[in-house]
1. In whole Hz and in residue order, list the ³J(HN,Hα) couplings for region 106-121 that follow from phi through the Karplus curve 6.51 cos²θ - 1.76 cosθ + 1.60, θ = phi - 60°; x for Gly and Pro.
2. How large is the accessible surface of residue 121 in square angstrom, using a 1.4 angstrom probe and rounding to the nearest 10?
3. If amide hydrogens are placed 1.01 Å from N in the peptide plane, which non-local residues have theirs closer than 5 Å to the one on residue 221?
4. Check residue 185: other-chain or 5+ apart residues with amide H under 5 Å from its amide H, H built from backbone geometry?
Amino acid sequence: MNGKGEAARVLGGKGLAGLVTAALDVLMPVFCAGCGRRGSACCPRCGAGLAGHRPATRAWRAYALAEHDGAARRLVLAYKEGGRRDLARPLGRALADAVPFVPHARGDPDGTWWLVPVPSRRRAARARGGQHVLALARQCAAGLAARGHSVAVAPALGLDPRTRDAVGLDRTQRAANLAGRVRFVREGAPPEGTPVVLLDDVITTGATVAACARALDSGGIEMSAALALTVAGTPRS
């Protein structure tokens, strides 16, 4: 191909896409939801705050990437309540970075990681444009697959419509609200006996993790560990 033809090919392919992207960035610039810096949904500095994992001692075998404070809190709230669906990829990939290193977390005997998202109430999911933790789980799976892992997303849990919004509820109230209302969904589950990693956005009191673990156990599925983006508050002694 001569130089002119090659230039035409580039302009019609990646070159044109780059021009469109640049134009959109001028007309509709993207800002980091954590700090407001222009250029990406989650800038490298704020993303670094989600690296690693720490015990979320309010819940058994539960871990989180960060405390629910500062930039991490702003990122989660922007994604969950602020309509920033462009955050699904960077937040999901942050989870993917941590999953293989979370204590107790493991895949099945064939080496496949099974990821189970915590479900949202249907009304909340409609308002948010879908099951937001399921979207995180899919991005987490894509991140793990890119690193060569075998991975599957298993939407094995659902919420009873009578479940209330948990905002403002303490641990006892949250536990009562969820009692018997997190249901096991067989058609979305892996084979019986499979260890899974439960994924969530925020661990507050640990009641949700406990209720999900019980529901999975009722279907013969073991929650090997739970991983959330953030953990809220200082654990009570």
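1. 7, x, 7, x, 8, x, 8, 7, 10, 10, 10, x, 5, x, 9, 5
2. Using a 1.4 Å probe on the heavy atoms, I get roughly 60 Å².
3. Under 5 Å from the amide H of residue 221 lie the amide H atoms of 193, each far enough along the sequence or on another chain.
4. 157, 158
The values are calculated or read from the model by the stated rules, or taken from the named source; none is laboratory data. Bear in mind that the values here come from a model prediction, so they are computed numbers and not experimental data. Side chains are part of the model used for accessible areas, which takes the heavy atoms of the whole protein and leaves out ligands, DNA and RNA. Shrake-Rupley method; radii C 1.70, N 1.55, O 1.52, S 1.80 Å.
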